[in-house]
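Shown next, in structure tokens, is the structure this report addresses.
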Amino acid sequence: MVPSALTRSLKIHTRMKVLVVGGGGREHALAWKIAQSDLVDEVLCAPGNAGTARVARNVSVSATDVPGLVALAREEGVGLVVVGPEDPLCAGLADRLRAAGIDTFGPGASGARLEGSKQFTKEICDRHRIPTGGWRRFDRAGMAKSYLQSLDTWPQVVKADGLAAGKGVFVCTDATEACTVVDMLMEERSLGAAGSTIVVEEFLEGQELSVMVLTDGETLLVMEPAVDHKQAHDGDKGPNTGGMGVVTPVPWVTRRLMRQVEQRVLIPMLHALQIEEIPFRGVLYAGLMISDAGPRVLEFNVRFGDPETQVVMRRFASDIVPYLLGTARGTLGELEPAEWLRDTVVGVVGAAEGYPGEYRRGDEISGLDQADEVEGAVVFQAGTKLMADREVTTNGGRVLCATAIGSDLEQARTRAYESLDRIRWDGKFCRRDIGLRAAPRSVGSDL
Ligand SMILES: Nc1ncnc2c1ncn2[C@@H]1O[C@H](COP(=O)(O)OP(=O)(O)O)[C@@H](O)[C@H]1O
Ligand SMILES: [Mg+2]
């Protein structure tokens, strides 16, 4: 048999070392999936957590230590680096790794600006007619406040321009509230430099959807969509979080809607990157609001979503490594389309008391092994720490995400909760309504 181009190009690196940068649930899921590949000899994770330690070798280099990570990849002879979080991408980690001759999954600093600056993304969307809400940017509090006071349509959304780890967006119901946010961001500098410029955005109604694509700048591989649950409490109440639970596939998302997303958002964005000469090798994550008028962009992220990755990886049936390598090397177009399991996966996050505010840490976690024994379940750890005595303790707001696969939503949901309920720590809480949200009456135009 004649070996395919893919096998030939991979032969050289057969059984390579892969370094996953980061230490959250997303990185546990990525390391878990990558470790299943026949092409991989060893997975390293920097810095990792107690969960990644089960599938990878943790190395205590911080995810934001750019020189430290480049040195680590060199010393270990790593064949592929997969960068999880946005901060090191914005700081140019991928550029530095590529300059050192190391295949890297993740955009350079110029591409990472899509996440690092809301204004930058809004401008690109407008220049290339990618649908998004109307907006204005301000770098002076006085101007922002007079503008807000002149508006008579509410709510409005006030966003810090820069990276804010999910804490920079405020949906405001009136001018008084919006002006308080402006003062906090621009005068008190509650988020530092990230809030020195702000974007005021039209409030969009509809249903949120996350669509992640792998792209090497030429080819798009659209991943299965997922729906995250952002608010801390049941019924979408309470403060915004990094995500409390997630479901894939999304029952109300039709093929037709996905085609609209591709044609109106993803392909135009790929063209925009090409025209603006912004190289991009990694994940483009479109945060979308789906309304009767079709999909509109809320934001772009430049890395895998968390917790979306935890459920999407469980449905990705092919070996992920050729796709990560193809993205890193610019040869994604040479690969066959990836295969997906048709089953449903539900992920429920267990969080520490107080999250998303000040939260408890250092509580001992029990029941992890029993949780993995539930049929179809895999627990991905996030804010956890492996202690010297092998105990696992809480070490973050979102502690872990129990995922479960099932033939339908109900089965996946039941299994995910059964798994999560076997895990205990003091102060644990979770939402009980993940996967229960009623399907919207109509979404997307012309469905
Ligand atoms: N224009 C908008 N209209 C309605 N809701 C919005 C709008 N922009 C953001 N949101 C809400 O705020 C959340 C966070 O906004 P997003 O732009 O995704 O910022 P980030 O993820 O960087 O915090 C969204 O998931 C959505 O629920
Ligand atoms: Mg977002």
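Based on the Kirkwood radius over alpha-carbon pairs, what is the Stokes-Einstein translational diffusion coefficient of the stretch 205-342 at 4 °C with 1.567 mPa s viscosity, in µm²/s?
On the way: Rh = 15.6 Å.
Diffusion coefficient, whole number: 83 µm²/s.
If you plug each phi of the stretch 20-34 into the Karplus form 6.51 cos²θ - 1.76 cosθ + 1.60 with θ = phi - 60°, what whole-Hz ³J(HN,Hα) values come out, in order, with x for Gly and Pro?
Values per residue, Gly and Pro as x: 9, 9, x, x, x, x, 4, 5, 4, 5, 5, 5, 4, 6, 5 Hz.
What area, in nm² and to one decimal, does the C-alpha convex hull of the stretch 134-202 cast on average over all directions? It would help to have the intermediate numbers written out before the result.
Values: hull surface 15.4 nm².
If I average the Cα hull's projected area over directions, I get 3.8 nm².
Residues of the stretch 205-342: accessible area per residue at 1.4 Å, in Å²? Spell out each step's value before the answer.
On the way: 5090 Å² over 138 residues.
Each residue of the stretch 205-342 exposes 37 Å² on average to a 1.4 Å probe.
Accessible area per residue, 1.4 Å probe, Å², for the stretch 343-432: what's the number?
Working: 3900 Å² over 90 residues.
Each residue of the stretch 343-432 exposes 43 Å² on average to a 1.4 Å probe.
Working from the pairwise distances between different alpha carbons, so that the mean of 1/r is found and then inverted, what is the stretch 15-106's Kirkwood radius in Å? The partial results should precede the final answer.
On the way: mean 1/r = 0.0801 Å⁻¹.
Hydrodynamic radius (Kirkwood, Cα only) of the stretch 15-106 equals 12.5 Å.
From the backbone phi of the stretch 192-203, what are the Karplus-calculated ³J(HN,Hα) couplings (6.51 cos²θ - 1.76 cosθ + 1.60, θ = phi - 60°) in whole Hz, Gly and Pro given as x?
These are the phi-based 3J(HN,Hα) values: x, 5, 4, x, 6, 10, 10, 10, 9, 10, 4, 6 Hz.
The stretch 50-121 to the stretch 388-432: how many Å between their Cα centroids?
Between the Cα centres of the stretch 50-121 and the stretch 388-432 lies a distance of 28 Å.
Provide, in order from the shortest bin, the percent of all Cα-Cα pairs of the stretch 44-153 in each 5 Å bin, continuing until the bin that contains the maximum pair distance.
Values per bin, smallest distances first: 2, 11, 16, 15, 13, 10, 8, 9, 7, 5, 3, 0.
May I ask which of K122/K159; K385/K428; K33/K385; K118/K159; K118/K167 have a Cα-Cα span longer than 19 Å here? List each step's numbers first, then the result.
Numbers: K122/K159 12 Å; K385/K428 16 Å; K33/K385 21 Å; K118/K159 8 Å; K118/K167 13 Å.
Among K122/K159; K385/K428; K33/K385; K118/K159; K118/K167, the Cα-Cα distance tops 19 Å for K33/K385.
What are the equivalent ellipsoid semi-axes of the chain, built from the alpha-carbon gyration tensor (square roots of five times its eigenvalues), in whole angstrom, biggest first? Show your work: numbers first, answer last.
Details: eigenvalues 204, 141, 106 Å².
Equivalent ellipsoid semi-axes, largest first: 32, 27, 23 Å.
For the stretch 347-447, I need the span (max minus min coordinate) of the C-alpha atoms along each principal axis, in Å, sorted largest to smallest.
Over the stretch 347-447, Cα extents along the principal axes are 57, 33, 17 Å.
Let me spell out the model: positive unit charges on the Cβ of Lys and Arg, negative unit charges on the Cβ of Asp and Glu, origin at the Cα centre of the chain. What dipole size does that give, in debye rounded to 20? The partial results should precede the final answer.
On the way: 50 positive and 61 negative charges, 95 e Å.
Dipole magnitude for the chain comes out near 460 debye.
Taking amide H positions as placed in the peptide plane 1.01 Å from N, state which residues far from G294 in sequence (5 or more) or on other chains have amide H under 5 Å from it.
Amide H neighbours of G294: G444, S445.
So how far, in whole Å, is the C-alpha centre of the stretch 218-293 from the one of the stretch 344-358?
With the stretch 218-293 and the stretch 344-358 each reduced to a Cα centre, they are spaced 21 Å.
Where the accessible area of the stretch 134-202 is counted over protein heavy atoms with a 1.4 Å probe, how much of it, in %, is carbon and sulfur? Could you put the intermediate results ahead of the total?
Numbers: 1720 of 3420 Å².
That share works out to 50 percent.
For the stretch 134-202, with only Lys/Arg (+1) and Asp/Glu (-1) charged at the beta-carbon, what is the dipole magnitude about the Cα centre, in debye rounded to 20?
Details: 7 positive and 10 negative charges, 44 e Å.
About 200 debye.
Exactly which GluC sites (Glu not before Pro) in the stretch 285-345 are in a DSSP loop and have at most 16 other Cβ atoms within 10 Å?
Qualifying residues, ordered by number: E339.
Just the number: Rg to Rh for the stretch 170-283, Cα atoms, Kirkwood Rh, two decimals. It would help to have the intermediate numbers written out before the result.
Values: Rg = 17.8 Å, Rh = 17.2 Å.
Checking Rg against Rh, the ratio lands at 1.03.
Which aspartates and glutamates have a Cα less than 14 Å from the Cα of K17, not counting those fewer than 8 places away in the same chain?
D38, D41, E42, E75, E76, D103
With a 1.4 Å probe and every protein chain left in place, work out the accessible area per residue of the stretch 1-152 in Å², rounded to a whole number.
Working: 6520 Å² over 152 residues.
Result: 43 Å² per residue.
Around G23, which amide H atoms from residues at least 5 apart in sequence, or from another chain, sit under 5 Å from its own amide H, with H modelled in the peptide plane?
The list, which skips near neighbours in sequence, is G48.
What does the charge dipole of the stretch 15-106 about its Cα centre add up to, to the nearest 20 debye, if the Cβ of each Lys and Arg holds +1 and the Cβ of each Asp and Glu holds -1?
Numbers: 9 positive and 11 negative charges, 30 e Å.
It comes to approximately 140 debye.
How much of the accessible area of the stretch 359-423, in percent, comes from carbon and sulfur atoms when a 1.4 Å probe is used?
Details: 1210 of 2880 Å².
Ligands and nucleic acids excluded, carbon and sulfur reach 42 percent.
Of F105, A29, S60, whose Cα points farthest to the positive end of the dipole of the stretch 15-106 (charges on the beta-carbon: +1 Lys, Arg; -1 Asp, Glu; origin at the Cα centre)?
Working it through, the farthest residue towards the positive pole turns out to be A29.
Collect residues whose amide H, placed 1.01 Å from N in the peptide plane, falls under 5 Å from the amide H of Y355; neighbours closer than 5 in sequence don't count.
Under 5 Å from the amide H of Y355 lie the amide H atoms of R360, each far enough along the sequence or on another chain.
Go through the stretch 358-366 residue by residue and turn each phi into a ³J(HN,Hα) via Karplus (6.51, -1.76, 1.60, θ = phi - 60°); whole Hz please, and just put x for glycine and proline.
Working through the residues one at a time gives 5, 10, 6, 9, x, 7, 6, 9, 10 Hz.
The values are calculated or read from the model by the stated rules, or taken from the named source; none is laboratory data. These numbers were taken from a predicted model, which means no experiment stands behind them. Neighbour counts are summed over all protein chains in view; Cβ atoms, including those assigned to glycine, are modelled from backbone coordinates with ideal geometry. Accessible surface areas use protein heavy atoms only, side chains included; no ligands, DNA or RNA. Shrake-Rupley method; radii C 1.70, N 1.55, O 1.52, S 1.80 Å.
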